[in-house]
Each structure stands twice: as C-alpha cells, then as structure tokens.
1. So which chymotrypsin sites (Phe, Trp or Tyr not before Pro) in region 71-126 pass both tests, a DSSP loop state and at most 15 other Cβ atoms within 10 Å of the Cβ?
2. Could you grab the relative contact order for region 61-126? Cα pairs under 8 Å, six or more apart, rounded to a whole percent.
3. Considering only C-alpha atoms, what is the centroid distance from region 79-106 to region 20-54, in Å?
Amino acid sequence: MAAHRFLNPEGLGPPVGFSHVAGQTAHQADGSLVGTTLTEQFGAAAANVVAALAAAGASPGDVVSLQIFTTDVDAYRTQSKGIGAAYRDAFGPHYPPMALFGVTRLFDPEALVELVATAVIPDPEP
C-alpha cells in the first residue's frame, strides 16, 4: 500500500497551514480572489480542484465525493444554472455524491464558496 502524499501544485497559492488537496476557494497563486459572484468564485475554485487533482495524478473522474461550503445558500440556489455550467466546465459530466453546506463564513471573509473533493486514484496498470 502506498503512503499518503500531500501535494502543493505549482499555479496554486503557497499553502500556509494547509495542503492543496484540502478545500479550494477561488484564490489564485498570487493570493488574489477571483470573482465577486458565487458563480465566478465556484468556477475558479473548481479549476483549482482540477489542478490539485492533476498534481496527484488524478482527474475529475476520480472524484468520489464533493462537499460544497457556501456563505450564501440563497445565492447558490439563484445562480444554480451558472454554477452548474461552471461545474461542467471543470468536471465534465461526472457527478459524484455531493453535499451543500451553508456556513457563516470562510477563512477569507471575501470568499463565498469552498470545495472539498475526495478522490480515489486507481493504481497504475502493471
């Protein structure tokens, strides 16, 4: 059995007190937060998840669970069509079990959404 690896891929901001395989917000490598709407931030956070997956040798199809944390469930419901399009842009037609959680706030008070993905990476073919 392989040991667990914690990865911090290039292109994502420097981790301080976390690993990039944990939750992803819309933060960029320079620390800036992309977007002012939930849809924009969801799309950027999803792209960050895909980058973290790629660094681990995984793809969106390897995601077995997705937890979505938002500070505004009403906005999530209102913007669901745009969020769905942003989801498909990043993950394609792969829909693992998902849960949406309304939270009071995230670590960055300007962040509206954080995605926590769990992936199972298949062993390479012998």
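FYI, it's all coordinate maths here, none of it is from the lab. Keep in mind the model is a prediction, meaning the values are calculated, not measured. Glycine gets a Cβ as well: all are built from the backbone with ideal geometry, and neighbour counts include every protein chain shown.
1. PHE107
2. 57 percent.
3. 12 Å
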